[in-house]
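Here, each number is a calculation from the coordinates, and none is a lab measurement. Just so it is clear, the model here is predicted, and its values are computed rather than measured. All Cβ positions, glycine included, derive from the backbone under ideal geometry; neighbour counts span all protein chains shown.
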Amino acid sequence: MSEVTTIGLDLAKHVFQVHGIDAQGATVLRKRLRRGQVLAFLSRIPRCLVGLEACATAHYWARELAALGHEVRLMPAQYVKAYIKRNKHDAADAEATQFAQFRGINSARDQLGWCRPIDREVMLSRARRCYCIAQS
């Protein structure tokens, strides 16, 4: 099996789809993972480019994958459809994210700025509480 150089990851509520290709563009990895298995699985993969469809949780996953050493890029979901070769489903979405242009990752602070003011205050108070607990 060749070494994976690019991974397309389709995010979902419970089951994530992973599609990996090598430097020549041949498919070397197709896998379904439960949410709890994603980080453990991708920590065992050699560092590579990971493409994600931009969605509500994409920035969180991008930060987690970047912490593992992967280079992570995001793509707006409406552009993924143009790269789908067959019917639209999770596995096809994962494959399509590899062939598209990607955008950068937003920090947790930037992402928090998009929340409604009430949600932002709730999240900030929880973060302060966790920080105080960790400091004691």
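Structure data summary
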{"read-out": "Computed lengthening from Lys31 to Arg63, 0.36 nm per intervening residue step minus Cα-Cα distance", "value": "9.4 nm"}
{"read-out": "Diffusion constant of the stretch 7-48 at 37 °C, which comes from Stokes-Einstein with the Kirkwood Cα-pair radius and 0.692 mPa s, µm²/s", "value": "305 µm²/s"}
{"read-out": "Ordering of 44-56, 23-35 by packing [mean C-beta count within 10 Å, highest first]", "value": "44-56, 23-35"}
{"read-out": "Net lengthening on full extension, Ala127/Glu3 (0.36 nm per residue, minus Cα-Cα)", "value": "40.7 nm"}
